[in-house]
Structure formats: structure tokens, C-alpha cells
């Protein structure tokens, strides 16, 4: 079978699972992984004959895709903020909406004018300029993206899952980006003592009530880690409540919290932080027009607050 024929086959076989645009994108990823031909080169190589081994691998991936397994888990790659990351079933697949959260932080820091963007030729990984903590780091995508964008910042990431931390550390090593990843059950107050005091807290915590599980896509529910997705129906804001309490003790004056939220709970998150004394709380929509991100500043009257 030729490369062009294989592309048509993949798209046809996936037509009952994905729409035509997504099937086309997935076909390119499958061919790149199985045949080593990137999307830009596909047209010029459409007549290339595939080996039996390549065809067998393509068929295996089609079968997995037809069972709704995400392509990112199959090829063990995801792209986030111009980084290629390793992912597996121990971590959530990074989403474009989370890139918007990272971009918000980077733009705010640029506006303030903190000197963290140019890497020092001597001691780039130890600085007192800016300290950032990513709570529930998963694949490390947020922490690594922030450290890459701001090399002179000190960045930590914590997660309760050792399997997830192994993925985050693997990504840090592959990208040569130094982030301190720590195993912490953030909901346990005694374990929070091991975390640093910082200028910025960022988190994309679990926020989906269990009652919504049956309404979600099979590729999410059947494959992505539930501990990173779901919270109890009667305590959906548990992570935000814990972050608010932690921040009042471990966020420097003038510091800021950036959070991803459930679109239906975003205003409740805003009210929660206002109730805890965060006077300057901002709600922002994502690229799809959904209430998705919250920014809360601590002691916002300080001159150098973020």
C-alpha cells in the first residue's frame, strides 16, 4: 500500500468516530509515527510504498483509535506551548485552553517588567526574581512552559501521583528544563509544609463533579486519569478552597493565583476567593467563549503586585 492510500484508509476507518477534520489531523499523526513522514512531506511522498511492518502498525493504531483511545496516548506525544511532551495514561492530555492560562501569566509578568526572560550565562536556575508553584502538575506542561518562557524564574510543580511525576520529570529531562517536581498530597495540610513560599501559584486542578461523567466523551472518561479529572459532587470546589487557604499563608504579599476552572463553577470560584480576602479577582473566558480562568491577587494595593 502507498502512503497516500494509507492516509485515505485511516480517514475512512475513523469517520464513524471523529469528524472529517479531526480524522484528517489524526491520519497525519499516525503516518508520521508509523512511517516517519511528517505532514508537510506527505504530498510529495504519496507514492511511497509502505513496508509490511509499517502497515501492521497503522492497522494496530486504527483499531485503538476506533476504541476512542486518544491519539496522544497511542503515539505518546502531545504538544503544548511550542513544546513536544511525552504523555501516557498517568497524566491528562494538555489542552489549548491551558495554554491560554500560561500565556496570561507570561504576559502579566512582562507587563510588570520582572527580569526573568533572558537566560543568564552563569546562574540561570537559581534566582530570587520570581518564584512559581504549579499545583497538580501532571505532565508538567504548565511548569515547564513557564520555566521555558522565563528561564530566570524558580519553578516548582507538585502532584499526588508518583506516576505523573515520573512523566513530568521525564519531560523536564528531555527538554533540558529544570523544574523541581515534588510528590505532595496537596489536600493534606501537613504535607503543604514541604512546599515553598512563592510569588505565583498556578493550578489546573480536578474540577469536574462525578455526576457529569456520563455526559463526557469516551476518549476522556475511558482513558484519562480520573483522579486528575473528578471531584465529589458535594465538594466540587475542594481544591480551590485548599488553594485559597494555602495561598494566604504561602503566597508573598503582592502575589497572584492563576486557575483553570469548570465553566459552570467559575463564578463560584470567584466568590470563594473574594470571601477569603482576595480583593482583586478577575474572571476570563477562553478561546471558545467559556468562563474558564480566574486570577486572584493577594494584597493587590502593593505597588509591585502581579
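Each reported figure results from applying straightforward, stated rules to the coordinates on display, with no laboratory input. Note that the structure is predicted; figures quoted are calculated from it, not measured. Here the Cβ is made from the backbone with ideal geometry for all residues, glycine too, and neighbour counts use every protein chain on show.
Taking the convex hull of the alpha carbon positions in region 66-189 and averaging its projected area over all directions gives 8.6 nm². Rounded to the nearest 10 degrees, the inclination of helix 238-250 to the longest alpha-carbon principal axis of the chain is 50 degrees. Taking a spot 7 Å from the Cα of residue 95 along the direction of its beta carbon, which residues of region 131-159 have an amide N less than 17 Å from it? Residues 135-143 fall inside that zone. With neighbour counts taken as other beta-carbon atoms within 10 Å, the residues 77, 131 rank, fewest first, as 77, 131. Let me know the whole percent of all Cα-Cα pairs from region 3-67 that are separated by more than 18 Å. Value for region 3-67 (Cα pairs over 18 Å): 26 percent.
Over the chain, Cα pairs under 8 Å with separation of 6+ residues give a relative contact order of 13 percent.
Per residue, the average separation of C-alpha pairs within less than 8 Å and at least 6 apart gives region 3-67 a relative contact order of 43 percent. In this rough spin-label picture, where each label sits 7 Å from Cα along the Cβ direction, the residue 267-residue 115 distance is 4.5 nm. Out of the DSSP beta bridges found with both residues in the chain, what percent are antiparallel (nearest 5)? Close to 45 percent.
Helix content alone sets the calculated 222 nm mean residue ellipticity of the chain: runs of n ≥ 4 DSSP H residues at -39500 (n - 2.57) each, divided across all residues, give -11500 deg cm²/dmol. Work out, in µm²/s and without decimals, the Stokes-Einstein translational diffusion coefficient of the chain at 20 °C, 1.002 mPa s, Rh from Kirkwood over C-alpha pairs. Answer, rounded: 103 µm²/s.
Rounding to the nearest 10 and keeping the result within 0 to 90°, find how far the Cα-based axis of helix 3-13 lies from the longest principal axis of the chain. The two axes meet at around 70 degrees.
Sorting 226, 276 by the number of Cβ atoms found within 10 Å of their own Cβ, with the fewest placed first, yields 226, 276.
Each 10 Å bin from zero up to the one holding the largest Cα-Cα distance in region 25-109 carries the following percent of pairs: 15, 39, 29, 13, 4, 0. Relative contact order for region 160-259: what is it in percent, counting Cα pairs under 8 Å that are at least 6 residues apart? That works out to 34 percent. Based on the Cβ-Cβ distance from residue 5 to residue 129, what FRET efficiency comes out when R0 is 45 Å, to the nearest 0.05? According to the calculation, E is roughly 0.25. Full extension of the chain between residue 248 and residue 19 yields a length gain of 77.8 nm, computed as 0.36 nm times the residue separation minus the alpha carbon distance. Axis angle, to the nearest 10 degrees, between helix 162-175 and the longest C-alpha principal axis of the chain: 80 degrees. Using a simple spin-label model with pseudo-atoms 7 Å out from Cα toward Cβ, residue 238 and residue 169 lie 2.7 nm apart. Largest GNM mean-square fluctuation among 244, 21, 145, using the chain with Cα springs under 10 Å: 21. Using R0 = 45 Å, the C-beta based FRET efficiency linking residue 220 and residue 299 works out to 0.75. For the chain, modelled as a Gaussian network with Cα springs under 10 Å, which listed residue fluctuates most, 243, 135, 26? Top of the fluctuation ranking is 26.
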